[in-house]
Structures are given as C-alpha cells and as structure tokens.
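The values are calculated or read from the model by the stated rules, or taken from the named source; none is laboratory data. Worth saying up front: this structure is predicted, and the values here are computed from it rather than measured. Here the Cβ positions follow ideal geometry from the backbone for every residue, glycine too, while neighbour counts run over all protein chains shown. Just so you know, the surface numbers come from the protein's heavy atoms only, side chains and all, with ligands and any DNA or RNA stripped out. Shrake-Rupley method; radii C 1.70, N 1.55, O 1.52, S 1.80 Å.
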Amino acid sequence: MTSYGSFPGARPRRLRTTPVMRRMVAETRLHPADLILPAFVREGVSEPVPISAMPGVVQHTRDTLRKAAVEAAEAGVSGIMLFGVPEDVKKDALGTAGTDPDGILQVAIRDVRAEVGDELVVMSDLCLDEYTDHGHCGVLDAEGRVDNDATLERYAEMAQVQADAGVHVVGPSGMMDGQVGVIRDALDTIGKEDVAVLAYTAKYASAFYGPFREAVGSSLKGDRKTYQQDAANLRESMRELALDLEEGADMVMVKPAGPYLDVLAKVADAVDVPVAAYQISGEYAMIEAAAEKGWIERDKAILESLTGIKRAGAQMILTYWATEVAQRLAPGTAAR
C-alpha cells in the first residue's frame, strides 16, 4: 500500500507549469524603460563603420546616429549614452577635442537633441580617453602618470561644453578622485543645475573592455590600473560610493555588470538614488561569439543576462542590445 505521507506537500514546481504561470509569478521583469543604449559617433565618416569585435554595433555617422536615436525612442528605450570618436589628427596630450564646442561629441549631442528632444534622456561620456593621443582618461604629468587634479580641471570644462550642447546627463567615467564634486560645481556655475550627474562609482580595471577600445579608436599605451578599481576589491567600491553621494551624484553605476553582480547588489542595497549597471563590450562580444558558433541560444542568453543584472539591483542597464531587446519586450511578445 502506498504511503502518501512520503510525498512532498510543498511543490514549488506548481508555479512553473506553463509560460503564463511563470510570467505571472516572475519576481523580476525587464521593461524597455530600464534600458539605455550606448552609441558611438565617429568624425569624418560617410558610412557607419562596423566594429569587428562587436557584431551588429557600429561607429555611427551623424546621420545614422540620429536614426538610431529615433529607433531607440520609438522602442521605448529611456536613454542614449553618447561616445565621440574624433579624427586621429585631432588627438593631443590634453584631449582638447573633448572640450571643443564643435568637437564630435558636442555636435552629436546637439544632433540627437534636435532629433528626439526630450523623448530620450541624452547622456554623454565625460572622459578624455577618446581624445588623448596617449589614450589615458586624464592629463599626464612629467613622469607619465595621470595627474588627478589637472584632469579635474579638464573634466570641469568638458561638463560645461556638454551641458551647453544640451545634454541631460553627464557620465564622468575616468575614476578621478573628486570628479563628481568638481563637475557638479562646474555645472552649477554656468546655471546648468538641471543637468544630472551619473557617477561611474565602481568602474573596475577589467579585461572585458577590449572590444570597446576598438569602438572608440583608443590610443591607450599601458593600462588604467592606477585609477580604475582592482577586481579583487568590494569594500573599496562602498567607499567610492559614499564619496560620490557626498559630492552630489544623482545616480550611480557599476561597470562592468555581469562579473560584478555582487558589487551591484551591495550598492543597490545601500542607496536611495537610482542605480545603473553597464553591460560592457566584452560581455556583449562573448554572447555574440558563442551564439555565432552555435554554442548558446543567443536571444535567450541576452534576456537571461539582462534579467540577472536587474535582479541584482540595477534600475537602469546600459546595453548594446537596448533597442533590440526593447522591441522584443513590446506588448504581445510571447511569455517566457
């Protein structure tokens, strides 16, 4: 005779029986409004330039950037983060193209604002690495080291020209000590109190940035380990977080996202400001490459990776799949 008491009474599988059941009880939901599209615009090109290590991503012309911004807005994406790629001849030791009102990033900001207005939150990368001939995120001293305080002066200028171009949010990504406070003061000084600061609070010196350096035409010599964070450290991120908040950060970010979900979760638990995470080029490239080999299911892997980032605490996710995923999440999309 069967002893029914030996069977489990609690059966969590009951809530996994159908796609609609799984959707109904899902604890974490992706939405197009969670997504921000990073986009590159290159000076002096008449056609988009494919990025070999990031299939499907290009260095835009000014015209194709406008189109990409419209497409993102129509898909329900919330923001676009712009990166400028100047002509090589315009790079110098101080990154002066980054503070030229007619530099490629400032022109792109004006283009996108003219095209989509306030339909997208227009964000700008505030860093010197795209514009310096040495590829570092700051000004170098006589010994070739990044001079923190001299760099802050350049960041203040960058913030002001980007704000004058019409950006909604500046994203200082150089990991200089005191950068948020200096940028906030610089913006307020010219009456741009409404321009927000998205602090790259925990930006790690990661091996996953490789494809990005092709994307921005980096001239980097050496590495950035003296100013970006050590992958071994978590408590250090919490110290950076406290400093950024004290200096006036409106939003904070963890970068990269996938390898640092523990950092993201800890940051998200600690703050009452919006938290972003950047799914970077190497994360994108790995999924695309594995999918191209037939080793993983591309679309499912993309959604799973983004769901994990949101589950860890990100309210905003910068991802190169932003527009594609937003379109897939549109009403009428099949349940999981």
Verdict on Ser46 being in a loop (DSSP other than H, G, I, E, B), over 22 Å from Ile302 (Cβ atoms) and hydroxyl-bearing (Ser, Thr, Tyr): yes
What pairs can you find where one residue is in segment 286-313 and in contact (Cβ under 8 Å) with a residue 12 or more places away in the chain, the other is surrounded by fewer than 16 Cβ atoms within 10 Å (Cβ to Cβ) and part of a helix (DSSP H, G or I), and their Cβ atoms are less than 9 Å apart, with a gap of 6+ or different chains? Ile287/Arg298; Glu288/Arg298; Glu292/Arg298; Ala301/Ala290; Ala312/Asp262; Gly313/Asp269
Among the listed residues Ala93, Ala150, which satisfies the condition of being among the small types (Gly, Ala, Ser), more than 15 Å from Val170 (Cα to Cα) and either surrounded by 19 or more Cβ atoms within 10 Å (Cβ to Cβ) or modelled with pLDDT of 90 or more (or both)? Ala150
With the requirement that a residue be within 23 Å of Thr132 (Cβ to Cβ) and assigned to a loop (DSSP other than H, G, I, E, B), what does segment 58-97 give you? Pro86, Glu87, Lys91, Ala93, Leu94, Gly95
If you go through segment 24-65 one residue at a time, how many are among the acidic types (Asp, Glu) and open to solvent by 70 Å² or more (accessible area, probe 1.4 Å)? 3
Out of the residues in segment 260-292 that are within 18 Å of Tyr320 (Cβ to Cβ) and surrounded by fewer than 18 Cβ atoms within 10 Å (Cβ to Cβ), which is nearest to the chain's Cα centre (by Cα)? Met286
Do we find a residue being open to solvent by 30 Å² or more (accessible area, probe 1.4 Å), in contact (Cβ under 8 Å) with a residue 40 or more places away in the chain and more than 13 Å from Leu94 (Cβ to Cβ) anywhere in segment 187-206? no
Any pair with Cβ under 7 angstrom, 6 or more apart, that starts in segment 92-106 at a residue that is closer than 14 Å to Gln160 by Cβ and among the hydroxyl-bearing types (Ser, Thr, Tyr) and ends at one that is open to solvent by less than 10 Å² (accessible area, probe 1.4 Å) and not in a loop (DSSP other than H, G, I, E, B): Thr99/Met158
Flag for Gly135 being assigned to a loop (DSSP other than H, G, I, E, B) and farther than 21 Å from Glu153 by Cα: no
When residues of segment 239-259 are limited to those that are open to solvent by 20 Å² or more (accessible area, probe 1.4 Å) and in contact with a helix residue (DSSP H, G or I) (Cβ under 7 Å, 6 or more places away or on another chain), the one nearest to Ile302 (Cα to Cα): Gly258
